[in-house]
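*Asks:* Here it is, the structure, as structure tokens.
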Amino acid sequence: MRTLSTPSPALICPPNLPGFQNGRGSSTSSSSITGETVAMVHSPPPTRLTHPLIRLASRPQKEQASIERLPDHAMVQIFSFLPTNQLCRCARVCRRWYNLAWDPRLWRTIRLTGETINVDRALKVLTRRLCQDTPNVCLMLETVSVSGCRRLTDRGLYTIAQCCPELRRLEVSGCYNISNEAVFDVVSLCPNLEHLDVSGCSKVTCISLTREASIKLSPLHGKQISIRYLDMTDCFVLEDEGLHTIAAHCTQLTHLYLRRCVRLTDEGLRYLMIYCASIKELSVSDCRFVSDFGLREIAKLESRLRYLSIAHCGRVTDVGIRYVAKYCGKLRYLNARGCEGITDHGVEYLAKNCAKLKSLDIGKCPLVSDTGLECLALNCFNLKRLSLKSCESITGQGLQIVAANCFDLQMLNVQDCEVSVEALRFVKRHCKRCVIEHTNPAFF
């Protein structure tokens, strides 16, 4: 009989229940389902164990399964490593597991995976269950991760927006059916949202408040969104005007990833620097219209910038690198792979002004030679990761200079470079912890 103390659980499971698997992040339920995934609500299991997979627990006490001897706090800790669909399965095992599976501490996060799961219905049933003690509001839920759930639509995001005002983290990577309107609802109704991943959501072109939310806000609020981390990788239709709107509303951004947003130009970066002065990490990789003028705008972040990726931005040259190096002296990570306009002069200026650089990727920059490596080695002693893949002008001499000065080097990529076995062995002798990625079959 159902009681208020043992409410019915919301279970996400296929019609034919496959075997249960332990382990962090296991997702066997969703990726192997061929039929329709359904959301079920039913009363808690009887005290006597009848499920074929756990009949062992119904044996005499002396033969009781060892997991049944664990105290409640240990069981809750184990359950905390399970994704949502597996946690719901655990609630079906027995009454004790049912009560433990719905411990509020386990429901700060909903994590669903799989292309076939009916995620809209799953979110509706789960939030309804979690709202039982606080009608229409799910106060404990802080993170929702449904990345890769391709059946997610605006309806599922509307459910989250309406029921989860305390949401802080939302991951919908690869959910290409969601649109701007649903994202607007989430950021408008979840004022504490700080982390948003919409990478691969090709219909999302902007991040803003709904018109209703903007009208209700007081002038003191400034119509701002509290997002600090935003990933819009592969949002192909994002344009400069959309980035302008994002920057104007998300002024607290510290991490912004715009990889393969191919329509962005230097003008969009200009808008970004006007409003978002706190950015620490920025990626505009594969944005082919970004040039040295864009890097001049990025340089306005000055010492706040620690991570920059401009890989395959073919219009970037030494001029842009000089801007960044001159003003962003605390830069720790730079990915400039495929920027064929960068030469030894750019590497030299970078090395002399960003001495604390820890990771540098200048692969596929054919104009960089041993001269640039020497300057890098004599100034950036803390370098830990260096990629020189397909740098045709690099020789073993340049590598030996790097190894003799950068003792903390942990990763070196010299694939498709003409370097000798002796040079690679020299690197290995001087940098004991270094993993060398190479294409020389004589070195092992």
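The values are calculated or read from the model by the stated rules, or taken from the named source; none is laboratory data. Please read these numbers as outputs of a predicted model, since none were measured by experiment. Backbone-built Cβ (ideal geometry, glycine too); neighbour counts: all protein chains shown. Accessible surface areas use protein heavy atoms only, side chains included; no ligands, DNA or RNA. Shrake-Rupley method; radii C 1.70, N 1.55, O 1.52, S 1.80 Å.
*Asks:* Return the residue satisfying two criteria in turn: it lies in segment 421-444 and is among the aliphatic types (A, V, I, L, M) and open to solvent by 50 Å² or more (accessible area, probe 1.4 Å), and of such residues it is farthest from the chain's Cα centre (by Cα). Write out each step before concluding.
*Replies:* Initial filter on segment 421-444 (among the aliphatic types (A, V, I, L, M)): 421, 423-424, 427, 435-436, 442.
In the following step, the residues that additionally are open to solvent by 50 Å² or more (accessible area, probe 1.4 Å) were identified as 435, 442.
Details: Val435: 25, Ala442: 38 Å.
Among them, the one singled out is Ala442.
*Asks:* Additional query: Anything in segment 128-151 that is surrounded by 15 or more Cβ atoms within 10 Å (Cβ to Cβ) and among the charged types (D, E, K, R)? List them, or say none.
*Replies:* Of everything in segment 128-151, those that are surrounded by 15 or more Cβ atoms within 10 Å (Cβ to Cβ) and among the charged types (D, E, K, R) turn out to be Arg128, Arg129, Glu142, Arg150, Arg151.
*Asks:* Moving on. Go through segment 269-297 residue by residue and tally those that are polar (S, T, N, Q) and either surrounded by fewer than 18 Cβ atoms within 10 Å (Cβ to Cβ) or out of contact with any strand residue (DSSP E or B) (no Cβ under 6 Å at 6 or more places or on another chain) (or both).
*Replies:* 1
*Asks:* Out of segment 298-320, which residues are open to solvent by 10 Å² or more (accessible area, probe 1.4 Å) and either closer than 15 Å to Cys276 by Cβ or not basic (Lys, Arg) (or both)?
*Replies:* Kept after step one, since they are open to solvent by 10 Å² or more (accessible area, probe 1.4 Å), are these residues of segment 298-320: 300, 302-304, 306-307, 312, 314-315, 317-319.
If the condition is that a residue be open to solvent by 10 Å² or more (accessible area, probe 1.4 Å) and either closer than 15 Å to Cys276 by Cβ or not basic (Lys, Arg) (or both), then Lys300, Glu302, Ser303, Arg304, Arg306, Tyr307, His312, Gly314, Thr317, Asp318, Val319 are the ones that fit.
*Asks:* Are there any pairs, at least 6 apart or on different chains, whose C-beta atoms fall under 7 Å, with the first in segment 117-140 and under 19 Å from Ala182 (Cβ atoms) and the second surrounded by fewer than 18 Cβ atoms within 10 Å (Cβ to Cβ) and basic (Lys, Arg), and if so, which?
*Replies:* The qualifying pairs are Asp120/Arg155.
*Asks:* Answer yes if at least one residue in segment 105-112 is in contact with a Leu (Cβ under 9 Å, 6 or more places away or on another chain), open to solvent by less than 10 Å² (accessible area, probe 1.4 Å), within 30 Å of Leu264 (Cα to Cα) and not in a helix (DSSP H, G or I), and no otherwise.
*Replies:* No: zero hits.
*Asks:* What are the residues in segment 186-202 that are assigned to a loop (DSSP other than H, G, I, E, B) and closer than 16 Å to Leu256 by Cα, if any?
*Replies:* Of the residues in segment 186-202, the ones assigned to a loop (DSSP other than H, G, I, E, B) are 190-194, 198-202.
Residues satisfying the conditions are Leu193, Glu194, Val198, Ser199, Gly200, Cys201.
*Asks:* Being in contact with a helix residue (DSSP H, G or I) (Cβ under 7 Å, 6 or more places away or on another chain) and surrounded by fewer than 23 Cβ atoms within 10 Å (Cβ to Cβ) is the filter here; which residues of segment 166-181 pass it? Walk me through it before giving the result.
*Replies:* Of segment 166-181, the ones in contact with a helix residue (DSSP H, G or I) (Cβ under 7 Å, 6 or more places away or on another chain) are 167, 170, 178-179, 181.
Result: Ile178, Ser179, Glu181.
*Asks:* Take Leu230 and decide whether it is farther than 27 Å from Thr109 by Cβ, modelled with pLDDT of 95 or more and buried (at least 18 other Cβ atoms within 10 Å of the Cβ).
*Replies:* Taking the combined requirement at face value, the residue does not satisfy it.
Let's see how each residue does on (1) within 19 Å of Glu302 (Cβ to Cβ); (2) touching a residue at least 60 places away in the same chain (Cβ under 8 Å); (3) buried (at least 22 other Cβ atoms within 10 Å of the Cβ):
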| residue | (1), (2), (3) |
| --- | --- |
| Arg322 | yes, no, no |
| Leu334 | yes, no, yes |
| Tyr349 | yes, no, no |
| Pro366 | no, no, no |
| Leu378 | no, no, no |
